[in-house]
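The structure under discussion appears below in the form of structure tokens.
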């Protein structure tokens with residue numbers, strides 16, 4: 001398997017306005033209409049549910065009762081759901097846990113991956129073939145859940161935040177992707193740095209990294225979104241309810257309908273109100289929305305294409 | 001002295017008599033040692049990733065040995081009695097296991113028909129879209145759900161289709177009996193597939209768009225000049241251009257037949273019931289982690305892992321037979 005990366009277009013020119021070429025027959029209005037409806041319908045199917053969730057999270061209890069549940073038409077708007085869950089208590093703590101794991105995890109993942117990718121990217125270096133093979137195999141054969149769990153348990157990592165970071169720390173796929181990019185860097189630049197006496201660390205930090213900002217951003221965001229969204233690891237390795245990340249809390253609030261002990265009182269012992277539930281969904285979703293435009297910017301560039309073609 | 005990056009593999013001519021052979025191996029060893037010395041910084045850089053992979057990917061592979069034991073967490077790793085293939089026999093005689101296999105394969109087959117072609121069709125639909133701004137807005141919208149977690153996606157579905165969801169509000173308002181689609185085993189297959197479509201169909205078009213943009217427009221022009229209509233052009237130019245990537249993705253999907261959205265299924269398994277929503281991965285999870293039948297679950301997991309590898313290799317072989325590049329090639 002070889003990773004092919006194409007050099008990224010240096011500056012993305014704005015795509016010219018597409019006009020129908022002379023040879024193409026004009027589109028039948030019916031076909032154009034059908035096309036538009038399908039595509040618009042797709043987009044609406046994604047946007048409308050998100051809109052309803054956002055709106056409900058900002059709606060007052062009276063509006064929700066009047067609507068009989070989820071709110072589609074804006075009524076009385078309030079921030080009270082957010083005030084409730086962010087004023088301390090389970091959700092606030094879960095947000096902190098998730099933020100911490102995402103920040104630390106992404107940093108470690110990126111550092112380890114960048115080093116490995118660079119270390120394997122110099123042509124003809126010592127033992128790079130067997131090492132690549134060693135890493136590659138893990139993409140085809142996963143060991144399975146039970147032995148992985150027993151390993152983490154034997155390492156004494158149950159209930160430790162490290163269990164949410166270390167086992168899923170590196171993605172071989174991402175390493176190969178970065179390696180492909182590093183290999184595309186002009187060798188003569190690196191040679192000239194070497195003549196000037198720069199070692200590999202210096203070349204990596206001073207030359208290769210600044211030239212690879214877009215790949216590193218994308219992969220960092222992928223790692224970050226992965227840590228933020230991870231849910232199963234925590235159900236597996238964390239029993240201590242004080243250490244649960246946001247996705248697990250979200251599950252128990254919204255999908256299992258339980259009120260977590262020590263929850264901000266929404267009428268003690270009661271299931272959280274719909275607005276509060278939706279507010280938790282939104283809080284779990286907002287960080288992804290924030291980084292999404294950055295991702296989006298790079299997705300269209302060559303980076304992703306090289307990735308998927310792998 | 002600094003050795004420049006002249007990192008080309010050295011090829012030595014095969015020597016004939018033992019003496020030169022010996023000298024050659026000594027020389028080779030010396031060369032390798034020099035290479036090692038030169039590249040030790042690179043090796044140090046790779047080390048953390050190697051250690052993590054060895055620990056968290058390879059040690060558990062060895063750990064699968066418990067599938068051949070009667071494992072108990074309370075005795076040392078080497079004191080568990082070996083039981084040969086007893087666990088495997090137990091798994092293969094278990095109706096619940098076969099039910100999980102059936103559910104897994106049913107979901108895979110269903111999604112192959114109703115999920116797999118959707119991104120291809122969307123990409124082709126999007127291809128001729130006139131305004132690039134509308135096009136990129138559309139892309140921004142449909143890529144987004146891919147980055148939402150399964151917990152969020154299912155929470156949203158719950159609010160729309162669940163017992164207290166939007167659909168039922170509407171039904172109740174109109175005097176129709178409410179149905180909770182989130183707990184219906186009968187329609188679960190459709191539910192799982194629509195969730196997958198909602199989350200990933202948009203993201204799936206990205207590869208196909210890339211392949212489409214690589215087509216030389218003059219091909220279309222020439223075909224049009226020769227009188228090929230819109231459909232003919234799609235059949236003879238667009239689809240052949242997509243063929244390699246379609247086959248590649250098909251192979252990957254077939255190789256992954258035994259895996260169907262683990263988190264997605266786990267989150268809904270209790271609401272829908274094991275009858276329809278138990279797949280191989282959840283089966284392993286419930287019998288091992290929940291019921292503590294470690295060796296049994298490890299055996300089930302190992303069966304799945306081994307068959308998956310065979311499927312990937314088989315699918316790749318198949319691609320080679322069809323003259324396609326496949327996932328990897330012998331080099």
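Laboratory data are not the source of any read-out in this text; all were calculated from the coordinates shown. Bear in mind that the values here come from a model prediction, so they are computed numbers and not experimental data. Note that each Cβ is placed from the backbone with ideal geometry, even for glycine, and that neighbours are counted across all protein chains shown.
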Task: Per-residue average of Cβ from other chains inside 10 Å of B:156-166 - done: 5
Open item on the list: Please give the Cα centre distance for region B:211-252 versus region A:194-222, rounded to the nearest Å.
Closed with: 38 Å
TODO: Count, for each residue of B:222-228, the Cβ atoms from other chains sitting within 10 Å of its Cβ, then give me the mean as a whole number.
DONE: 1
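Can you give the relative contact order of chain B as a percent, counting alpha carbon pairs under 8 Å and 6+ residues apart? Before the final figure, lay out the partial values.
On the way: 281 pairs, mean separation 74.7, N = 331.
Over chain B, the number comes to 23 percent.
What shape does region A:29-78 have by the C-alpha gyration tensor, where a ≥ b ≥ c are the square roots of the eigenvalues, rounded means a/c under 1.5, and otherwise prolate means a/b greater than b/c and oblate the rest? Don't jump to the answer; show the numbers that get you there.
Details: a/c = 4.43, a/b = 3.52, b/c = 1.26.
Prolate, because a/c is 1.5 or more and a/b exceeds b/c.
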Open item on the list: Quick check: the distance between the Cα centres of region A:151-176 and region A:17-58, to the nearest angstrom?
Closed with: 42 Å
TODO: Would you mind classifying the protein assembly as shown by shape? Square roots of the alpha carbon gyration tensor eigenvalues, ordered a ≥ b ≥ c; an a/c under 1.5 is rounded, otherwise it is prolate if a/b is larger than b/c and oblate if not.
DONE: oblate
TODO: Go through B:253-266, A:241-254, B:298-311 and give me the packing order, highest mean Cβ count within 10 Å leading.
DONE: A:241-254, B:298-311, B:253-266
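Applying 1/(1 + (r/R0)^6) with R0 = 51 Å to the Cβ-Cβ distance of residue B:94 and residue B:173, what FRET efficiency is obtained, to the nearest 0.05? Walk me through the numbers before you get to the answer.
Numbers: r = 46 Å, r/R0 = 0.91.
Efficiency computed from Cβ-Cβ geometry: 0.65.
Across peptide B:246-252, how many C-beta atoms of other chains are within 10 Å of each residue C-beta, on average? Intermediate results must be reported in sequence, preceding the final value.
Details: counts 0, 0, 3, 1, 0, 0, 1.
Mean partner shielding for this stretch: 1.
Sort the following peptides by mean Cβ neighbour count (other Cβ atoms within 10 Å, averaged over residues), highest first: A:196-202, B:287-293. If you can, show how the numbers build up before the last one.
Details: A:196-202: 13.9, B:287-293: 16.6.
My ranking of the peptides, most packed first, is B:287-293, A:196-202.
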- [ ] Indicate the gyration tensor shape class of region B:94-321 (rounded, prolate or oblate), computed on the Cα atoms with a ≥ b ≥ c the square roots of the eigenvalues: a/c under 1.5 is rounded; otherwise a/b larger than b/c is prolate and the rest oblate.
- [x] oblate
TODO: Determine the calculated [θ] at 222 nm for chain B from helices alone, applying -39500 (n - 2.57) to every DSSP H run no shorter than 4 residues and normalising by the residue count; nearest 500 deg cm²/dmol.
DONE: -19500 deg cm²/dmol
